[in-house]
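Student: Got a structure for you, written out below as structure tokens; questions coming shortly.
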């Protein structure tokens, strides 16, 4: 989830009247688009006023410097320039501060309190409940190329026997073995369904995430593919796994990685691509930005303007030779665009320097450089094992109308005659039944993974391992 811009409006009772000290920890819960996020402000008195830091525990972010903290005439104000955050509200007796939280034109009611707050977990009816009717084992295995260990969970229909198996490969960003997002655990649901249907499943934490070792920030999709190879080697050494019937299931970026591994390793018997990219990273990002912008109500003029800005930035990334040069080029480019483009300047807010630094930090990474430059077609042309590609018709992150055609064209160009592509109706990027497909719906939908998609995938896998 991208950093939130926040504005907090407080109208406080007189500090002197109530003798209350504003210093200390203040907690609140932001509620927007079905999502809940805890925020914490730690206020400290200084010789000339106050300073503060902000935490977002549910995004694993802590110690964000609050650029400006003021408390005058019972009004407390925070501003975080790097994220475009402002907050202002009113202190009432009993240590409560009702106010307003703003980001990029959005206004969200927020009440801060001294009390520790916990989020009420949303209903997730598909999440399996222990005890499971199958064997589960927490496992560790080594990525010998990277010299670190990965941790995961192996589920099998029984403790003993010989079973076909699949490895689950997560999407972009640091993901745990359940590919957990917004209280959904899609890989837990997929693993449960497949295991109940006779398929062993190995899912694992991304490198540098949860219990897995390694450096996530320095890694690219190609690096992550060696983690999948390590998982494959682990299964090949398990006596319970049928070595001739091992497949890969990749979601989103995982669908980019699965073909890489299938080309290098003849032991891969089949692959399933769940919203896996068949087009370049640049095309995906530009399409994604436009589709989500429209779903959010942005005007075509704004979408066209922002697409132009992104396109030029992605060209700089695609043509870069090293990160240091890229950082300088992006900084200069965004500085020029801020001066020339009012839409972009509005997005930057009152702290353009910090805004630019944040954009450069997000874009000038090994992962982004690789993703922008990588075209999956040449790799898909080399895949010889059977392939199932599933996309949701309302996916706004990997558009099915161009993605599935590109996957099929590349595979068939390479001579692969065992290709199945299916566009599933009314499903979003997470394969949830949805209304619009917008990411803002993900958290509000109780369903974690469509039964239609689960059944389609399982039937096809069973047909491959008979």
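The values are calculated or read from the model by the stated rules, or taken from the named source; none is laboratory data. Since this is a predicted model, take the numbers as computed values, not measurements. A quick note on method: Cβ atoms are made from the backbone with ideal geometry, for glycine too, and the neighbour counts reach across all protein chains shown.
Student: Can you tell which of 392, 319 is touching a strand residue (DSSP E or B) at 6+ places or on another chain (Cβ under 9 Å), modelled with pLDDT of 90 or more and either outside the structural domain of residue 217 (by TED's automatic domain parsing) or crowded, with 18+ Cβ neighbours inside 10 Å (or both)?
Tutor: 392
Student: Still on this structure, I have one more. Quick one: in segment 239-252, of everything that is surrounded by fewer than 19 Cβ atoms within 10 Å (Cβ to Cβ) and in contact (Cβ under 8 Å) with a residue 40 or more places away in the chain, which residue is farthest from residue 167 (Cα to Cα)?
Tutor: 239
Student: Quick one: would you say residue 441 is at pLDDT 95 or above, buried (at least 18 other Cβ atoms within 10 Å of the Cβ) and over 22 Å from residue 256 (Cα atoms)?
Tutor: Spelling it out, it is not the case that residue 441 is at pLDDT 95 or above, buried (at least 18 other Cβ atoms within 10 Å of the Cβ) and over 22 Å from residue 256 (Cα atoms).
Student: Assuming residue 260 fulfils every condition listed in (1) under 20 Å from the mean Cα position of the chain (by Cα); (2) surrounded by 21 or more Cβ atoms within 10 Å (Cβ to Cβ); (3) closer than 21 Å to residue 414 by Cβ apart from one, which condition is it?
Tutor: Against the list (1) under 20 Å from the mean Cα position of the chain (by Cα); (2) surrounded by 21 or more Cβ atoms within 10 Å (Cβ to Cβ); (3) closer than 21 Å to residue 414 by Cβ, residue 260 comes up short only on (1).
Student: Would it be correct to say that residue 220 is over 18 Å from the mean Cα position of the chain (by Cα) and on the phi < 0 side of the Ramachandran plot?
Tutor: no
Student: Continuing with the same structure: Would you check which residues across segment 169-217 are in contact with a helix residue (DSSP H, G or I) (Cβ under 7 Å, 6 or more places away or on another chain) and more than 28 Å from residue 120 (Cα to Cα) and list them?
Tutor: Passing the criteria: 169, 194, 197, 199, 201, 202, 207.
Student: If you don't mind, there's one more thing I want to ask. Could you list, in sequence order, the residues of segment 157-175 that are within 11 Å of the chain's Cα centre (by Cα) and crowded, with 19+ Cβ neighbours inside 10 Å?
Tutor: 170, 171, 175
Student: Does segment 141-150 include one or more residues that are under 16 Å from the mean Cα position of the chain (by Cα), surrounded by fewer than 24 Cβ atoms within 10 Å (Cβ to Cβ) and farther than 23 Å from residue 429 by Cα?
Tutor: No, segment 141-150 contains no residue that is under 16 Å from the mean Cα position of the chain (by Cα), surrounded by fewer than 24 Cβ atoms within 10 Å (Cβ to Cβ) and farther than 23 Å from residue 429 by Cα.
Student: So, one more: If I go through segment 38-60 residue by residue, how many of them are closer than 26 Å to residue 121 by Cβ and surrounded by 13 or more Cβ atoms within 10 Å (Cβ to Cβ)?
Tutor: Of the residues in that region, 11 qualify.
Student: Turning to a different aspect of this structure: Residues that are closer than 28 Å to residue 178 by Cα, at least 2 per element: which strands (runs of 3 or more DSSP E) completely within segment 84-158 meet that?
Tutor: It comes to 135-143, 148-156.
Student: If you don't mind, another one. Run down 293, 278 and say which single residue is buried (at least 18 other Cβ atoms within 10 Å of the Cβ), outside any strand (DSSP E or B), modelled with pLDDT under 95 and in contact with a helix residue (DSSP H, G or I) (Cβ under 6 Å, 6 or more places away or on another chain).
Tutor: Criteria check complete, one pass: 293.
Student: For residue 284, indicate whether it is within 30 Å of residue 221 (Cα to Cα), in a helix (DSSP H, G or I) and touching a residue at least 60 places away in the same chain (Cβ under 8 Å).
Tutor: yes
Student: Looking at 97, 64, which is the one that is crowded, with 17+ Cβ neighbours inside 10 Å, under 23 Å from the mean Cα position of the chain (by Cα) and at pLDDT 85 or above?
Tutor: Matching residue, one of 97, 64: 64.
Student: Exactly one condition in (1) surrounded by 15 or more Cβ atoms within 10 Å (Cβ to Cβ); (2) within 23 Å of the chain's Cα centre (by Cα); (3) over 26 Å from residue 257 (Cβ atoms) is false for residue 123; which is it?
Tutor: Unmet for residue 123, out of (1) surrounded by 15 or more Cβ atoms within 10 Å (Cβ to Cβ); (2) within 23 Å of the chain's Cα centre (by Cα); (3) over 26 Å from residue 257 (Cβ atoms): (1).
Student: Which of the helices (runs of 4 or more DSSP H) contained wholly in segment 377-466 include at least 3 residues that are without any contact (Cβ under 8 Å) to a residue 60 or more places away in the chain and more than 18 Å from the chain's Cα centre (by Cα)?
Tutor: Correct list: 400-413, 451-465.
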